[in-house]
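A.B. asks: This is the structure I have questions about; it appears just below.
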Amino acid sequence: MALDKDGIAKRIAQELRDGWYVNLGIGIPTLVANYIPEGIEVEFQSENGILGMGPFPFEGEEDADLINAGKQTITARKGAVFFDSALSFGMIRGQHVQLTVLGAMEVSQNGDIANWKIPGKMVKGMGGAMDLVASAENIIVAMMHSNKAGESKILKECTLPLTGVGCVKKVVTELAVLEIKEGKFHLLERAPGVSVEEIVSKTEGDLVVPDVVPEMKID
Amino acid sequence: MNKVVKNVEEALKGIEDGMTLMVGGFGLCGIPENSIARLVEMGTKNLTCISNNAGVDDFGLGLLLQGKQVKKMISSYVGENAEFERQMLSGELEVDLIPQGTLAERCRAGGAGIPAFFTPAGYGTEIAEGKEVRVFNGKPHILEEALTADFAIVKAWKGDTEGNLVFKATARNFNPMMAMAGKITIAEVEELVPAGELDPNFIHTPGIFVQRIFQGEKFEKRIEQRTTRKKG
C-alpha cells in the first residue's frame with residue numbers, strides 16, 4: 001500500500017545520522033522531526049534563525065517571538081541558539097548543515113527541482129528554497145509521485161520554473177525511494193505492497209530497476 | 001551619543017513619498033508595529049519596501065498595501081496576503097522576489113560596504129537571467145548587488161539610549177542587517193534602558209548603526225500560525 005505523509009516522513013527519518021544538523025522544509029519534511037531513530041542525536045535548523053528547534057509549545061505557552069520558517073510557534077531545546085538571517089544562510093551556503101529535506105512540485109532525472117512557481121497562478125516566492133538547494137550537499141525531496149491529475153512529477157525534465165539545477169540526490173514518495181545519479185532515477189526501495197510495475201508506470205523519467213527491489217521497512 | 005527620540009512621530013520624520021524603506025521582521029515576528037501604524041497615519045505613498053514578507057491582510061506591511069502606499073515590494077515570500085495578490089495580478093504593485101539568503105546578504109553587504117558578491121543561490125533559474133555568472137571551485141555562481149535604503153526601520157526587544165540593540169529569540173531575523181543598511185536607521189524597542197544597563201558582551205547590534213531609537217507604545221505581537229501540542 002502507498003505510504004501516507006507520516007510514512008514518507010518515517011522513511012526519510014531513517015536517513016538521519018548521529019551528529020547531523022538538519023533543515024526541514026514546510027509540509028511533509030516537518031513531520032520528519034517526529035520520527036528521529038532511537039540512539040541518535042540531530043539538531044534542527046530553521047532558516048529564520050534558530051538551531052536546536054524543539055517541539056511545538058503546549059497550549060498557553062506560545063511565544064510570538066519564537067517561530068520556525070513556516071511561521072509556526074515552536075520551542076527551543078536546551079543548548080539552542082538564535083541568530084540573524086545572514087548568519088543563518090551562512091550556515092546553509094557554507095555547508096555546515098548536513099541534510100536538507102524539502103518538498104517539490106517536480107523533480108527531474110538530472111537532479112533539477114521545481115517547487116516555487118506555477119506560471120499564471122499566484123506567485124508566493126521562493127523563500128529560502130533556492131539558497132538551500134544551491135548549497136546543500138545532501139538534499140532529500142519528500143513528495144507525491146503524481147499530481148492530482150495523475151500525471152507523474154518524476155520527470156525527464158521539469159516543466160515548471162526551476163528552484164535549482166542538478167542538486168537532488170534522493171527522492172522519497174508514497175511509492176518509492178529513488179536515487180538520482182548519472183542522469184537517471186534508480187529505484188532503491190518500494191513501499192510495502194507496491195509493485196515495481198506501478199512505480200514504473202507512474203514514473204515519466206528514465207528509471208533504472210534492479211532485479212530485486214526490496215520493500216521499505218516502516219513500522 | 002544619545003539617539004533617543006520622543007515618540008514614533010519624531011522617529012519617522014523625514015520619510016517622504018517615493019522613498020525606499022527596509023522593514024525588519026520575518027512573517028509577523030519582529031516587525032516594527034508602531035512604526036508601520038504611524039506610516040499608515042502619515043499616508044506616505046509610492047514607497048519601495050524591502051522586507052522578507054509583506055505581512056497579512058490586516059497586519060504588518062499588509063496595512064500599507066491596503067492603503068495603496070507601496071509601489072514596489074522586494075521580498076522572498078509573499079504568500080499570506082490576498083490584497084497583495086490582487087494588486088500584483090492587476091499590475092498596481094511591482095514585485096521583486098529574491099532568494100531569502102540572497103536578500104539577507106544583500107542587506108548585510110549594503111551596510112558593510114561590499115557593493116556585490118557571488119552566490120550559488122538561483123543559478124540556472126529565472127532569477128539568474130541577466131546576471132553575471134562566474135565559476136568558483138568548479139561551481140557556477142551569480143553576481144548579486146548590495147541593497148541600501150533611505151530609512152531602515154527595525155524592531156528590537158531592548159535598546160539603550162546609545163542605540164545598542166538586543167533582539168529576542170527568532171524576532172532577530174532580518175533586523176540586524178537592515179539596521180546596517182539604512183542611511184537613517186530607526187529602532188523601535190519594547191524596553192528602552194539607560195546606557196550601561198545592557199551588558200556590552202551581549203549586544204547584537206552596536207548603536208553605530210542606529211540613528212533614532214524610541215520605545216514603542218504597545219506591541220500586539222500577533223501570531224501567524226499558532227501551533228501547539230497537548231499536554232500528555
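The values are calculated or read from the model by the stated rules, or taken from the named source; none is laboratory data. Just so it is clear, the model here is predicted, and its values are computed rather than measured. Every residue, glycine among them, receives a Cβ derived from its backbone with ideal geometry; neighbour counts consider all protein chains shown. Side chains included, ligands, DNA and RNA excluded: accessible areas come from the protein's heavy atoms. Shrake-Rupley method; radii C 1.70, N 1.55, O 1.52, S 1.80 Å.
A.B. asks: Just name one of A:L162, A:L87, A:F185: the one whose Cα is farthest towards the positive end of the charge dipole of segment A:49-195 (beta-carbon charges, Lys/Arg +1, Asp/Glu -1).
C.D. replies: Looking along the dipole axis, the top candidate is A:F185.
A.B. asks: Continuing with this model, one more query. Using 7 Å Cα-to-Cβ label points, what is the A:N147/A:E41 separation (nm, one decimal)?
C.D. replies: Simple spin-label model gives 4.5 nm for this pair.
A.B. asks: Right, here's the next one. Kindly rank A:36-45, B:118-127 from highest to lowest mean number of other beta carbons found within 10 Å of each residue.
C.D. replies: Those peptides, ordered most packed to least, come out B:118-127, A:36-45.
A.B. asks: Just checking the output field for A:116-128: average partner chain Cβ neighbours within 10 Å of each residue's Cβ?
C.D. replies: 6
A.B. asks: Among the listed pairs A:K117/B:K68; A:K121/A:K184; A:K5/A:K170, which have their C-alpha atoms separated by more than 20 angstrom in this model?
C.D. replies: As for pairs spanning more than 20 Å Cα to Cα, those are A:K117/B:K68; A:K121/A:K184.
A.B. asks: Ok, one more. What does the buried accessible surface come to for A and B, summed over both chains, with the probe at 1.4 Å? Round to 100 Å².
C.D. replies: In total, chains A and B hide about 4300 Å² from solvent.
A.B. asks: Follow-up question, since we're still on this one. Between rounded, prolate and oblate, where does segment B:44-188 land on the alpha carbon gyration tensor, with a ≥ b ≥ c its root eigenvalues, rounded for a/c under 1.5, else prolate if a/b exceeds b/c?
C.D. replies: In terms of gyration-tensor shape, oblate.
A.B. asks: With a 1.4 Å probe and every protein chain left in place, tell me how much accessible area A:W116 has, in Å² to the nearest 10.
C.D. replies: 20 Å²
A.B. asks: Which shape class, rounded, prolate or oblate, goes with segment A:159-219 when its Cα gyration tensor gives a ≥ b ≥ c as root eigenvalues, a/c under 1.5 marks rounded, and past that a/b bigger than b/c marks prolate?
C.D. replies: prolate
A.B. asks: Let me ask something additional. Can you figure out the FRET efficiency of B:V95 with B:L143, using R₀ = 30 Å and their beta-carbon distance, to the nearest 0.05?
C.D. replies: The pair B:V95/B:L143 has a calculated efficiency of 0.90.
A.B. asks: Apply the a/c threshold of 1.5 to the C-alpha gyration tensor of segment B:1-113 and tell me whether it is rounded, prolate or oblate.
C.D. replies: Here segment B:1-113 falls in the oblate category.
A.B. asks: Could you work out the relative contact order of segment B:55-156? I mean the mean sequence separation of Cα pairs under 8 Å and 6+ apart, divided by the number of residues, in percent.
C.D. replies: Answer for segment B:55-156 is 21 percent.
A.B. asks: List the trypsin sites (Lys or Arg not before Pro) within segment A:89-130 that DSSP assigns to loop and that have no more than 16 neighbouring Cβ atoms inside 10 Å.
C.D. replies: A:K121
A.B. asks: Still on this model: Let me check against my output: what whole-number percent is the relative contact order of segment B:98-194, with C-alpha pairs under 8 Å and at least 6 apart?
C.D. replies: Relative contact order comes out at 32 percent.
A.B. asks: Tell me which of B:I184, B:M88, B:G25 sits at the most positive position along the dipole axis of the protein assembly as shown, charges placed on C-beta atoms (Lys, Arg +1; Asp, Glu -1).
C.D. replies: Farthest towards the positive pole: B:I184.
A.B. asks: In addition: For B:E94, tell me the accessible area in Å² from a 1.4 Å probe, rounded to the nearest 10.
C.D. replies: 90 Å²
A.B. asks: A further question on this structure: Which value, in debye to the nearest 20, describes the size of the charge dipole of segment A:119-213 about its Cα centre when Lys and Arg Cβ atoms bear +1, Asp and Glu Cβ atoms bear -1, and nothing else is charged?
C.D. replies: With only Lys, Arg, Asp and Glu charged at Cβ, the dipole is about 360 debye.
A.B. asks: Go through A:K156, B:K158, A:K71 and list them by solvent-accessible area, largest first, probe radius 1.4 Å.
C.D. replies: A:K156, B:K158, A:K71
A.B. asks: Report the label-to-label distance for B:N2 and A:I118 in nanometres (one decimal), using points 7 Å from each Cα along the Cα→Cβ vector.
C.D. replies: Once both label points are built, they end up 5.8 nm from each other.
A.B. asks: Separate question: Any idea what the relative contact order of chain A is, in percent, if you count C-alpha pairs under 8 Å spaced at least 6 apart?
C.D. replies: With pairs under 8 Å counted, the relative contact order is 20 percent.
A.B. asks: If a paramagnetic tag sat 7 Å from the Cα of A:D206 along the Cα-Cβ line, which residues of segment A:132-167 would have the backbone N under 17 Å from that point?
C.D. replies: A:154-158, A:166-167
A.B. asks: Per-residue ellipticity at 222 nm for the protein assembly as shown, helices alone: DSSP H runs ≥ 4 residues times -39500 (n - 2.57), over residue total, nearest 500 deg cm²/dmol?
C.D. replies: My calculation for the protein assembly as shown gives -4500 deg cm²/dmol from helical runs alone.
A.B. asks: Oh, and also: Considering only B:G113, B:S75, B:V8, whose Cα is most displaced toward the positive end of the charge dipole of segment B:1-148, charges sitting on Cβ of Lys, Arg (+1) and Asp, Glu (-1)?
C.D. replies: Sorting the options by dipole projection puts first B:G113.
A.B. asks: Something else now. Suppose every K and R has +1 on its Cβ and every D and E has -1 on its Cβ; what is the size of the dipole of chain A about the Cα centre, in Debye to the nearest 20?
C.D. replies: Rounded to the nearest 20 debye, it is 460 debye.
A.B. asks: Also, I was wondering about something else. Enter the mean number of other protein chain beta carbons within 10 Å of the beta carbon of each residue in A:53-60, as an integer.
C.D. replies: 3
A.B. asks: Work out the length of the dipole vector of the protein assembly as shown about its Cα centre, built from +1 on the beta-carbon of each Lys and Arg and -1 on the beta-carbon of each Asp and Glu, and round it to the nearest 20 debye.
C.D. replies: Around 220 debye, computed over the protein assembly as shown.
A.B. asks: With every protein chain present, what accessible area does A:C158 have (1.4 Å probe, heavy atoms only), rounded to the nearest 10 Å²?
C.D. replies: The accessible area comes out at roughly 30 Å².
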